Amino acid sequence: MPYPSGHAEKSKAKIVEAARCLFNAHGFEKVTIDMVMKEAGLTRGGFYRHFASKEVLYGAAVQSFLMGKGAEWRADAGVDPTNLSPEMGQQMLDSYLSAKHLGELENQCPMIALPSDVARQSPEVRQAYQNLLTAMVWLFESTQEGSAAKRRQRALAMSALCVGGMVLARTIPDSELSEEVRAAAYQAASDLTKT
C-alpha cells in the first residue's frame with residue numbers, strides 16, 4: 001500500500017524537529033541517529049531516505065529553527081518581522097534576552113545552544129548558523145534609525161550581546177552571576193537602541 005501524499009515531507013520534518021531538540025539538549029557528538037529516529041517515532045532505516053549523514057541532518061536542524069520553532073517563538077513573543085519599528089527591535093531584545101528564553105533548552109535558539117559544536121562542523125552547517133545570525137542582524141538593523149553604517153554597527157553589536165550574553169549566562173551554574181550577565185547584556189543591547 002503506497003504512503004499518502006506528503007508522507008515523505010512529514011517524516012522528514014519530524015526527523016528534523018526531533019534532531020533539533022536533541023542537538024540543543026545534548027550537542028552533536030552525544031546524539032545518535034537511533035536517538036533521533038526514536039524521538040521522531042520512526043525506524044532507523046528511514047533516516048537514509050532523507051539524509052546522507054548525521055552532519056547533513058545537523059545542518060538541516062540548525063537551518064529549520066528560523067522558519068520553524070523560531071517563527072513560533074517570535075509569534076509567542078510578539079515579534080513581527082513585518083513591523084520594522086524601533087519598538088519591534090526592543091520587543092526582540094526583551095524576548096531573546098529574557099530569563100524565560102534562558103531557561104528553555106529544547107526550544108532555545110541554536111545560536112545559543114550550539115556555537116562550539118557548529119564551529120567544528122562543515123561549511124554547510126556553519127552557513128546554516130550564519131543564516132540565523134544574518135536574520136537577527138537584519139531585524140535589528142531594519143528597526144534602527146540613522147545612517148546605514150550606524151544601523152549596521154548597532155545591529156551587529158546587539159546581536160553579539162544577545163547571543164554572547166545568553167551563551168555566557170547559560171554556561172554559568174544557576175547563580176547570581178548568571179542572572180547578572182543576562183541582565184547586563186540586555187541593558188547594554190537596549191542602550192544601543194537609544195543611540
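The values are calculated or read from the model by the stated rules, or taken from the named source; none is laboratory data. Every value quoted in this text rests on a predicted model; they were computed, and no experiment measured them. FYI the Cβ positions are ideal-geometry reconstructions off the backbone, even for glycines, and counts take in every protein chain you see.
Could you grab the pairs with beta carbons closer than 6 Å, sequence gap of 6+ or different chains, first residue in the stretch 30-54 and under 19 Å from VAL125 (Cβ atoms) and small (Gly, Ala, Ser), second one at pLDDT 90 or above and surrounded by 18 or more Cβ atoms within 10 Å (Cβ to Cβ)? Cβ pairs passing all conditions: none. Of all the numbered requirements in (1) surrounded by fewer than 15 Cβ atoms within 10 Å (Cβ to Cβ); (2) hydroxyl-bearing (Ser, Thr, Tyr); (3) more than 16 Å from ASN24 (Cα to Cα), SER116 misses one, and that requirement is (3).
All of (1) modelled with pLDDT of 80 or more; (2) under 30 Å from PHE140 (Cβ atoms) hold for ALA71 with one exception: (1).
Determine, yes or no, whether ASP94 is in a helix (DSSP H, G or I), surrounded by fewer than 18 Cβ atoms within 10 Å (Cβ to Cβ) and not assigned by TED's automatic domain parsing to the domain that holds VAL163. No; evaluated as a whole, the condition is false for this residue. Scanning the stretch 80-91 for residues that are assigned to a loop (DSSP other than H, G, I, E, B) and in contact with a helix residue (DSSP H, G or I) (Cβ under 7 Å, 6 or more places away or on another chain) yields a total of 3. For the stretch 58-94, taking the residues that are more than 13 Å from the chain's Cα centre (by Cα) and of a type in the set (Gly, Ala, Ser), the one that is farthest from VAL36 (Cα to Cα) is identified as SER85.
Identify the residue in the stretch 122-158 that is out of contact with any Leu (no Cβ under 6 Å at 6 or more places or on another chain) and among the hydroxyl-bearing types (Ser, Thr, Tyr) and, among all such residues, is surrounded by the fewest Cβ atoms within 10 Å (Cβ to Cβ). Taking the candidates together, the pick is SER147. Within the stretch 1-46, the only residue that satisfies the criterion of being among the polar types (S, T, N, Q) and at pLDDT 90 or above is THR32. Listed by position, the helices (runs of 4 or more DSSP H) enclosed by the stretch 98-195 that each have at least 2 residues that are farther than 27 Å from GLU87 by Cβ and touching a Gly at 6+ places or on another chain (Cβ under 6 Å) are 123-142.
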